[in-house]
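Peer 1: One structure, as structure tokens, below. Some questions next.
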Amino acid sequence: MGIMVKLMGKQEGMFVTMNTHFFFALVLPDDIKSYLNAVTEQLRSDFPFKKWLHPADYHITMAFLGNAPDPLKKDALERVESKLANEASFGLKLGDIGGFGKSESPRILWADVNQQERLFTIQRKIYNSCIEAGFELDKKPFKPHITLARKFEGESPFSLESVRRMANLEDKHFEADQVALYQTHLGASPSYEKIFTIPLEK
């Protein structure tokens, strides 16, 4: 069980549990998760990362809430659900593999997606809903991606060109039809649990 702490000031009287985080994310179809897992299986022996994500944990983060107190989380969830009430599902397409961090030693290996216009619209509604609920969110521009692995640990410099040659992503289309609020479970595998799902209209 996590450590309970009391937040003072603006959120006085709210209790939160440490060592867990919450985030809103776009849910990926199972066939896309399976495909990406098969792609990473080709890479693992040649490109050592500290952690390769469990395929059940693949997602596209829309808003990271951090260690969220229940009243704020409930408020944000209600706002997000209301904002997305009339939003229809939409198509996305897998893009390319890339990395965040130093080119020779990336901290994140990811797959991106194309056809992003609707994705940005949905993300902005979720982001604004969380801000309105009282969350302070990351102000960096939204860069939609699917995290595949974390923290490169190879002795030789990392080569993104080699990764792309070995695992060239197919032009896979899929339907984005769910947003979910996830909770992290540190040390577990899978690490992320869907605690509330918001379907997008077909």
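Here, each number is a calculation from the coordinates, and none is a lab measurement. For clarity, every value in this text was computed on a predicted model and none was experimentally measured. Cβ sites come from the backbone with ideal geometry, for glycine too, and all protein chains shown count toward neighbours.
Peer 1: Using Cα pairs closer than 8 Å and at least 6 residues apart in sequence, work out the relative contact order for the chain, in percent.
Peer 2: Once divided by the residue count of the chain, the mean separation gives 31 percent.
Peer 1: Which value in nm describes the separation of the simple spin-label points at residue 42 and residue 21, placed 7 Å from the Cα toward the beta carbon?
Peer 2: Output for this residue pair reads 3.0 nm.
Peer 1: How far is helix 70-83 tilted, in degrees, relative to the longest principal axis of the Cα atoms in the chain, given as a value from 0 to 90 rounded to the nearest 10?
Peer 2: 70 degrees
Peer 1: Test of understanding: extend the Cα→C-beta vector of residue 153 to 7 Å, then name every residue of region 34-76 with backbone N under 19 Å from that spot.
Peer 2: 40-55
Peer 1: Hey, what angle do you get for helix 30-43 against the long axis of the chain, alpha-carbon based, 0 to 90 degrees rounded to 10?
Peer 2: Tilt relative to the chain: about 50 degrees.
Peer 1: Quick one: which residues, 5+ away or cross-chain, put their amide H under 5 Å from the amide H of residue 96? H built at 1.01 Å from N.
Peer 2: 112
Peer 1: What distance in nm separates the two pseudo spin-label positions at residue 90 and residue 105, each 7 Å out from Cα along the beta-carbon direction?
Peer 2: 3.9 nm
Peer 1: Given axes a ≥ b ≥ c from the Cα gyration tensor, I'd like to know whether the chain is rounded (a/c under 1.5), prolate (a/b larger than b/c) or oblate.
Peer 2: Oblate.
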